[in-house]
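Below: one structure, written as structure tokens.
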């Protein structure tokens, strides 16, 4: 932590800041620049909050030198983490990108099974499907709940694909533990800290989606909650951020994906379907994600998107998925 | 709903769209413009999802004519809703703005009591205080939990102020029902739909904060969840939005506050403390909110902000609160 | 400038960075923290670009201690600057807020004169009116140009109000010098550096609008261009920023207005009309700006907004301006 | 244009709106929905501004059916436009992506020549280099001006690469016409309408960069200015947008790139260097852009980035460019 002083700060003000910092058991290094003084704070900064010094006379601002996350950082663990799902599917490191595909929502036993068969045949390695749906409107279809989870599990078993589904509340953790191979935390729950703590205590890989307006730092801190609680099997997922540009639903943020690959050892995949919000640009965003180094993709696919109960706008058909997989080959 | 066709759409394409819409039990009105055809959809639009038609040949885009919220709208209820807390404090309508004040976090019995006395004396009508704290980092102080709630209740009773505190999970709903006069849903939980449903079922007013990147429509839909479940005692709270500008923490969005007063009958207050993130501009934002027509303010106040365990950066002292209340008089 | 090293940086890497910095004629102060080394750079930092050191082995990031602007800063000049227009109207310091009002665009001699009379009567101290209009579409009305300027000047003289109008290119500087009392740089031209340099060389006050996505730092640097060139008669204008929220045109950023009043000595006014984009919330935003401490307002007013050639959506009528001025009295 | 009425609007209000619309020479189609009336406006909508009707009693909002741009649209011209520079380099259509490379700024004859040779050898088809630099701070190096242009031209001729450089003001148009093969309009000048009009009148291809907070619609309207003026040789360039996420400089918006390829016939390239702002993620963003379908890339390359006068942070070295070109092969 660096405490930057006003250029008008007196020697007494500097001395007072040093005294307060030392009173918290920390050391200081006073630097006299050409226009102002800056005070380096040395020691365990958790002993000192910004609020403890920002109001002292003559203090201009505080600069953070260290990041607030630890275990997710490559400075903590230099080698790539590989997350293994159902003893078979591997995310991260030198493993080829994993394609997860399936419907937005599990609508029926037949629907999810047909889609599972279709995506398996086209090269998907995992099956996705929503059972509990976070819907912006209380009047929209909210999913089949535990029944949906069971249909998903069954379809996965039948075709031989591990399954992932979104958990919205710790209340249903047992059902999820029983029915899915990977727990998904959705964008809206990225900072549902009670839920993060709950999944940190179980032995099951977690797919953690970035909140649509979460910074990279907040995203990594959400993952830090899970690692700090004892579960280091976390796969990150970039799914588009909210910006002023609204001609498509969100903007896929490959800058952050590329940056996270450098600063964190955790695998990171992309969700081109939610980033796009419209099916026609999903393939372009999927290919871009792979080219940028994503460790996988999660893609919405539907056997009959015009009749889908949810997000039919952005689902690929088997036909478009097939074309996409063909183009993706050189990148996988 | 208006279905806008490509300018190259053929008559057959238009006919097909009309057929699909009618197949969902709806009527259409086909408008032939100078460059393209637009198809008005008449009837209960919940029968038709955008995804059902957007992929049909010749369709360019879909425009929404109606908003997805109902009960929160002034078109549903034209008169201002007045929300009454503890049979005494009234938000909304012609009632004067309500000042809620108190510490970010309940730190101890003494602290919360001293602050309660201070803010009551200066004109606050309700006491705030966090017991369960949503913290971005797993390593930050997370609040005293139920013990904190009890301290808050006690302090409120002793000085005669109703209390409000943030609930982060339905799991603790009973404790909140027993200890607080108003349930606060925080910005990070604005789309925690399970929590919204839980508070919609109880008889206790709710203070619903806007998510830091929630649109006005999403904010009103979150309130709609609560009204749809049966609880119409909702006070909205604008607390700053996340933008590209980060020289202060968030940007207080008074555009939306003014707009919401027109389109919704619910009361809306402002939180200048979280919008500012730094104490020195809190008074300016507080005054601005009142001038813009806020039905109240929720302000962080601390007896010793340099020693606060949380958010000391942005808390007012008794001294600055006093100066603020003086300036606010013509606006209250 | 602080150079933050990786926690894995070796002593040799630190030595190399120190050597490079010293090679640019600067001094260093090496701080050994608990997890990493940080190197304070002392001396005239214009000798060293971030790019010169960021690529050296072991360097993690660079923190800026000083701001890049100088003359606009309160550290450079502590007392408020007062900008005087036409020897009569004063912006800043303890002077009461100045209301500038007038049409978006000068449409005709009669129109601008009628509006000038109306706003003068209601308390405006300056007249605004566009002659050269920056229009997003090439097919929209682009203003009457120099003829418009002359009509504006004439109307101002007839009713006794100084006038301000937007200049879009240095090419017309002579005509503006002759016809207006204050030069306006619009939001889209805030970083038109050739234009900033041109107006920095003349003796005429400048009203500098913030770009709709300019940071506070960029805004102040744009003003710095004008002061650095020799013209210190600059009034800043906050006019709303572009965010994800688009239910109104832009979001008025009173956080930044309040912050700028602290860090700069220049006067700052607000433009509630462009921030709102719809007339019904203009009064609320105008009052909020005054309550937050704005040194003035610039408001669009039209005698017949339903027939306006430009921005009729957001113009106040005489009637609404009158009601607004009444409510604003306690704040002026 | 669709005029949406309040659900409380009376028949008289609807009649009045219809009357006003017809008074502008347009026709209407009144649609009676279940909760409200919507009025379709048929005819040339340039006769009617939103402001003309939005204030009429009972009107709720206005929906736009047509886009404000015309000539840039694929509805106007269905086939891809191919832009040819210097009779040799072709952008768009089925042509392979064009790599433009070179220094941020022309620093000296030797520097630009050495870089020209290097990038040519590695596969670049055009040379970039700044002579007039838009710098946020008045104290930063502003480029060598016309001398810089001449050095660039010479270097291009010597190695056989057409050149492109940014023009900041119409004042220097003659010098640009003489020295460069393609005119670049930078992000900050995307809405410098005088400049757009000036380049619309010349016979020289234009590289138009998207403003960092310009919407797709505004971007296309800026191009429309150039086409409307008579110059249809426009290449668009996505260079990153400004968002809340600031751990990298901007966020490359491939959603919009993919969308623009569908709705416009103009070629579009990407600038991964400015989107990234840091060299280490430039290759990932460059590959992603190609995978998403960009018609080319413009990349900053420097022979000695640690000594660059501008943007050394983000420049690739010859070595990293070579590695990038190798990886890019399957995508070109």
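None of the figures in this text is laboratory data; all of them are computed from the coordinates on show. Computed from a predicted structure; not experimentally measured. Reconstructed Cβ throughout: ideal geometry from the backbone, glycine too, with neighbour counts over all protein chains shown.
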Nearest-first distances (nm) between copies at residue C:171, label 7 Å from Cα via Cβ: 1.3, 6.6, 6.8
So, R0 is 60 Å and r is the distance between the beta-carbons of residue D:332 and residue B:86; what FRET efficiency does that work out to, to 0.05? 0.30
Measure nothing but the geometry: give the 0 to 90° angle between the long axis through the Cα atoms of D:318-328 and the longest principal axis through the Cα atoms of chain D, rounded to 10°. 50 degrees
Average partner coverage of A:284-297, which counts Cβ from other chains inside 10 Å: 6
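Obtain the radius of gyration and the Kirkwood radius of chain A from its C-alpha atoms and give Rg over Rh. Spell out each step's value before the answer.
On the way: Rg = 23.3 Å, Rh = 21.5 Å.
Ratio of gyration radius to Kirkwood radius for chain A: 1.08.
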Per the C-alpha gyration tensor (a ≥ b ≥ c, the square roots of its eigenvalues), region C:112-267 is rounded if a/c is under 1.5, else prolate if a/b beats b/c, else oblate; here it's rounded
Could you pull the copy-to-copy label distances for residue C:327, with points set 7 Å along Cα to Cβ, in nm to one decimal and sorted shortest first? 2.0, 5.2, 5.6
From the Cα gyration tensor of region D:58-194, with a ≥ b ≥ c the square roots of its eigenvalues, which class applies: rounded if a/c is under 1.5, or else prolate if a/b is larger than b/c, or else oblate? oblate
Can you give the FRET efficiency for residue C:204 and residue D:24, using 1/(1 + (r/R0)^6), R0 = 45 Å, r = Cβ-Cβ distance, to the nearest 0.05? 0.65
Teacher prompt: residue D:35 distances to equivalent labels in other copies, 7 Å Cα→Cβ, nm: 3.1, 5.0, 5.5
Have a look at A:251, A:115, A:62 and tell me which one the Gaussian network model of chain A (Cα, springs below 10 Å) gives the largest fluctuation. A:62
Rg over Rh, two decimals, region A:2-63 (C-alpha only, Kirkwood Rh): 0.92
Rounded to 10°, Cα long-axis angle of helix D:146-159 versus longest principal axis of chain D: 70 degrees
If one builds a Gaussian network model of chain A from Cα atoms under 10 Å apart, the most fluctuating residue listed among A:283, A:134, A:57 is A:57
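Please give the average number of partner chain Cβ atoms lying within 10 Å of the Cβ of each residue in C:2-12, rounded to a whole number.
Details: counts 7, 0, 6, 1, 2, 4, 3, 0, 0, 0, 0.
That works out to 2 on average.
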Output the antiparallel fraction of DSSP beta bridges having both residues in region C:83-331, as a percent to the nearest 5. 15 percent
Let me know the shape class of the protein assembly as shown, please: from the alpha-carbon gyration tensor, a ≥ b ≥ c as square roots of the eigenvalues, rounded when a/c is under 1.5, otherwise prolate if a/b is greater than b/c, or oblate. rounded
Region B:89-170 - Debye-derived log10 I(q)/I(0), Cα point model, q = 0.16, 0.17, 0.22 Å⁻¹: -0.59, -0.66, -0.96
What is the mean number of Cβ atoms from other protein chains located within 10 Å of the Cβ atom of each residue in peptide B:253-266, rounded to a whole number? 6
On a 0 to 90° scale, report how tilted helix D:254-263 is relative to the longest principal axis of chain D, with both axes built from alpha carbons and the result rounded to the nearest 10. 60 degrees
Mind checking which of A:47, A:314, A:111 has the largest fluctuation in a GNM of chain A, springs on alpha carbons under 10 Å? A:47
